[in-house]
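Here is the structure we will look at.
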Amino acid sequence: MTFLEALLLWTLKQLKSERTVYAVFHLFKGKKSSQTIQDAYLYQVESVFYTLPNLTRSSFDENIQSLISQSFLQMKEGPNYHITESGEYRLHDYFTKKSFPAFLNGMKYQEHAFVFWDRLGILIQALSNLVNNNRQYYPISRDSKILYWVKQFMMSQKMSKHQLAAALYDELYSIFLDDPPERPEIIVFRLTGYKQIGKTVEQSAGKLSLETTEYWYRFLNLLHYVLDEVLEKRYKYPLLFSIIQDVYQPFPMTKSTMETYQLLLNNYTIADISKMRNLKENTIQDHIIEIALNNPNFCIQPFIDSNTEEKILQIAKEIGKQKLKPIKEKLENVSYFQIRLALAKNR
């Protein structure tokens, strides 16, 4: 079993056969739909969201077929699946021998982690060359936005280039010294500096004797750990925090959902917002579900009373499923939107 197969099997297990295998595909790709975002929270698989944005359908199908051929997974009628006893045992055995990427949180960081990484890489490359009096080098990124940000950042600093380089080194050294979940080399090998070219994902994996996919997830695990540390201890790591502060959102909502949220704060109804934004009411309801999932302080009382919310949660607990239809059948005069909202708010 490969690392990716183990992670796919873990995610399928979390979904409890209540979603199709392609729900997992959308999670790994980071599809920003209400259903996928809701699945990520309700089944506690936020970690794998948007961790393989370049995953293709054919590659996903190949991995699913591999799990089936190894008798770890069985497909039932339609889109349903069943993890076999052998699959359960192998999954447990795999992550007993190998550590699970516990700091991985794709839902929390999404593309912001990659922006942080790109900025950090260019900043380190620039400082390393400048302190060695070398101005003739090719940036490792051609992204004009990243290059512009790094240029503006360096110009805004009151420290000299040598002081800035030393301070950035000290912050990274401090994080990596404090018992990180992965070997620091997982990130360090990728860094480019003066007369040193950073290694690719494949080269780093080979140097560390890891499968390419396992290396990728260990890299993300360490990167997300760094971001956790930086955001939690921003006064200890001011330079690293300044690299992420303008793009990180504590509630990672889509742009369209954020627009709906601003209108809700101004006490507009679902019908009002639907007309104002020329969107279907169902779409606005999807936005509200996304807001409830992301923002623990969001009040859902305008859309559902507390008694109905309690009834929904009680029935969901009794039947042990996140499927809506079985809950709906036990409640009269309750909409699917209200069921989804109650489950979303209480996860």
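Looking across the range 28-58 at every residue that is among the hydroxyl-bearing types (S, T, Y) and open to solvent by less than 40 Å² (accessible area, probe 1.4 Å), the one that is farthest from I288 (Cα to Cα) is identified as T51. Within this structure, I83 fails the test of being open to solvent by less than 50 Å² (accessible area, probe 1.4 Å), under 24 Å from N221 (Cα atoms) and touching a strand residue (DSSP E or B) at 6+ places or on another chain (Cβ under 8 Å). Within the range 290-322, can you find the residues that are of a type in the set (F, W, Y) and either in a helix (DSSP H, G or I) or over 26 Å from the mean Cα position of the chain (by Cα) (or both)? Residue satisfying the conditions is F303 alone. Note on the range 326-346: among residues that are free of Cβ contacts under 8 Å to residues at least 24 places away in the same chain, assigned to a helix (DSSP H, G or I) and open to solvent by 20 Å² or more (accessible area, probe 1.4 Å), the one that is farthest from I270 (Cα to Cα) is P326.
Condition (residue is over 23 Å from T51 (Cβ atoms), at pLDDT 95 or above and not hydrophobic (A, V, I, L, M, F, W, C)) applied to the range 174-189: is it met by at least one residue? Among the residues of the range 174-189, at least one is over 23 Å from T51 (Cβ atoms), at pLDDT 95 or above and not hydrophobic (A, V, I, L, M, F, W, C), which makes the answer yes. When the residues of the range 120-148 are narrowed to those that are touching a residue at least 60 places away in the same chain (Cβ under 8 Å) and touching a Ser or Thr at 6+ places or on another chain (Cβ under 9 Å), which ends up farthest from P181 (Cα to Cα)? Residue satisfying both the conditions and the ranking: N134.
Apart from one condition, K161 fits all of (1) at pLDDT 95 or above; (2) out of contact with any strand residue (DSSP E or B) (no Cβ under 9 Å at 6 or more places or on another chain); (3) under 23 Å from P238 (Cα atoms); the exception is (1). When restricted to residues that are at negative phi and surrounded by fewer than 17 Cβ atoms within 10 Å (Cβ to Cβ), the range 188-197 contains 4. Taking the stated definitions as given, is I284 touching a Lys or Arg at 6+ places or on another chain (Cβ under 6 Å), assigned to a helix (DSSP H, G or I), open to solvent by less than 50 Å² (accessible area, probe 1.4 Å) and more than 30 Å from M155 (Cα to Cα)? Here the answer is no, as I284 does not meet what is asked.
The values are calculated or read from the model by the stated rules, or taken from the named source; none is laboratory data. Note that the structure is a prediction, hence the values are computed from the model and not measured. Note that we place each Cβ from the backbone using ideal geometry, even for glycine, and neighbour counts take in every protein chain shown. Only protein heavy atoms, including side chains, enter the accessible area calculation; ligands, DNA and RNA are left aside. Shrake-Rupley method; radii C 1.70, N 1.55, O 1.52, S 1.80 Å.
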